[in-house]
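Note sheet for the following structure.
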Amino acid sequence: QVQLVESGGGLVQPGGSLRLSCAASRNIVSIYVMNWYRQAPGKERELVATITPSGNTNYGGSVKGRFTISRDNAKNTVYLQMNDLKPEDTAVYYCNAAFGAIMSWGQGTQVTVSS
C-alpha cells in the first residue's frame, strides 16, 4: 500500500498562488499515474490534473493555463503549482496514485481562496 501525504494548502487571496506537494512513501511517482483531485462542499470530487509515467500532463478545463502539475522522482513527490487562484478553487485537494486497478489516496489538504 502506498502512503500519500499532501501539504501546502492554506488561505490565499484571489489572484494569489500556492504550491501543493504530495509525498509518496515509495518510489512510484514515475511509475504510477499521479493525479490531483479536488472536492468543494456539496460538490462531487473532480479531476484537476494528471501526470503520466511518460511525463504527459492533462488538466481540467477550469484550471488550464493556471495550474501546473510536476514531479520530482528523486524526492518521490508530485506538485501542483496553482496561480491566479479564484474563490471557486476553494476545495479540499487530494493526491491520487493509480496503477491499473490499484488506487491510493492522500488525506487531503484544504485550499481556501478568499479576500
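Taken together, the values in this text are just the output of simple stated rules run on the coordinates, not laboratory data. These numbers were taken from a predicted model, which means no experiment stands behind them.
Structure notes:
- Candidates N76, N35, N56, ranked by Gaussian network fluctuation over the chain, Cα under 10 Å, top entry: N56
- Just checking the listed ones, K43, K86, K64: in the Gaussian network model of the chain with Cα springs under 10 Å, the one fluctuating most is K43.
- Potential extension, A74-K86 segment - 0.36 nm per residue separation minus Cα distance: 1.1 nm
- Residue with peak Gaussian network fluctuation, the chain [Cα springs, cutoff 10 Å], from S25, S54, S104: S54
- Residue-span extension gain [N27 to K64] - 0.36 nm each, minus C-alpha spacing: 10.5 nm
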